[in-house]
Amino acid sequence: MMQEQRANQVRWSPTRRLILQTTVELYREIGYRKTTVADIARRAAMSPANIYRFFRSKQEIEEVVVGELLAEVFHAAANAAHGSGSARYRLEAVLRTIYQLHERRVADDKRLNELIATATNENWPIMLSYVDRMAGLLTPMIAAGQARGEIRGGSAATLACCLFTAMDAHLRTRQVSGVRARSTFDEMMDFCVNALCLPQQL
């Protein structure tokens, strides 16, 4: 219990938040590869030793930054999921929200996007957790659509995983210079959602 309380104190510490905010500023300015722990400490007006009181390594800082950025995407997608309308409409709203947020970061926040793209390409655990959370968000939506006769039968969890996997090229952060998917987002979304929906819902 004491260890858990200590972990929570560290997690919500104002100093830890300052370190993360400073890190994001530097990543945006010079990129995560060029940023060092010494740079973060200097900008935050503290010693490198103090950084290591809150984070075991620069890698851990990077993972937390990625996790927070992905959490923003997840919460936006969750808000879209709670809208009204048919299962098809809500699924499309969620997918489009995720796509637009990633595309906006590619266009407007290239250096920070590079970090997320690296986490994606190297399958960091935080990325795998993010994919699981997104599949978990889609699953009850699909199940509700099945209950209303809008979506074909089958395991809702499996269909959610298949949908997210099929849309992977459009829903995961990519390198700016990376090869674009041959199909457009709208083309792929129509194909995938049409495959899920029963004929009367198309």
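Just a few scattered comments:
- Once the range 45-64 is narrowed to residues that are among the aliphatic types (A, V, I, L, M) and surrounded by 14 or more Cβ atoms within 10 Å (Cβ to Cβ), the residue that is farthest from ASN113 (Cα to Cα) is MET46.
- One residue stands out in the range 130-139 among those that are touching a residue at least 24 places away in the same chain (Cβ under 8 Å) and either farther than 15 Å from TYR89 by Cα or under 13 Å from the mean Cα position of the chain (by Cα) (or both): the one that is surrounded by the fewest Cβ atoms within 10 Å (Cβ to Cβ), namely GLY136.
- Near pairs, Cβ below 7 angstrom, 6+ apart or cross-chain, from the range 93-105 (assigned by TED's automatic domain parsing to the domain that holds SER183) to any residue that is at pLDDT below 95 and not in a helix (DSSP H, G or I): ALA93/GLY83; LEU95/MET167; HIS102/THR173; ARG105/THR173
Conditions tested, residue by residue: (1) under 13 Å from the mean Cα position of the chain (by Cα); (2) of a type in the set (A, V, I, L, M).
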{"residue": "SER47", "(1), (2)": "no, no"}
{"residue": "ASN50", "(1), (2)": "no, no"}
{"residue": "ALA81", "(1), (2)": "no, yes"}
{"residue": "VAL94", "(1), (2)": "yes, yes"}
{"residue": "LYS110", "(1), (2)": "no, no"}
{"residue": "GLU114", "(1), (2)": "no, no"}
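- Out of ALA181, ALA166, ALA143, ALA195, one residue alone is assigned by TED's automatic domain parsing to the domain that holds ALA107, modelled with pLDDT of 95 or more and not charged (D, E, K, R). It is ALA143.
- Of everything listed in (1) surrounded by fewer than 18 Cβ atoms within 10 Å (Cβ to Cβ); (2) touching a strand residue (DSSP E or B) at 6+ places or on another chain (Cβ under 6 Å); (3) not basic (Lys, Arg), the single unmet condition for ILE142 is (1).
- Among residues of the range 141-156, those that are more than 17 Å from SER84 (Cβ to Cβ) and of a type in the set (Asp, Glu), counted: 0
- Within the range 177-184, the presence of at least one residue that is basic (Lys, Arg) and surrounded by fewer than 18 Cβ atoms within 10 Å (Cβ to Cβ) is confirmed.
The values are calculated or read from the model by the stated rules, or taken from the named source; none is laboratory data. These numbers come from a predicted model, not from an experiment. Cβ atoms come from the backbone with ideal geometry, glycine included; neighbour counts cover every protein chain shown.
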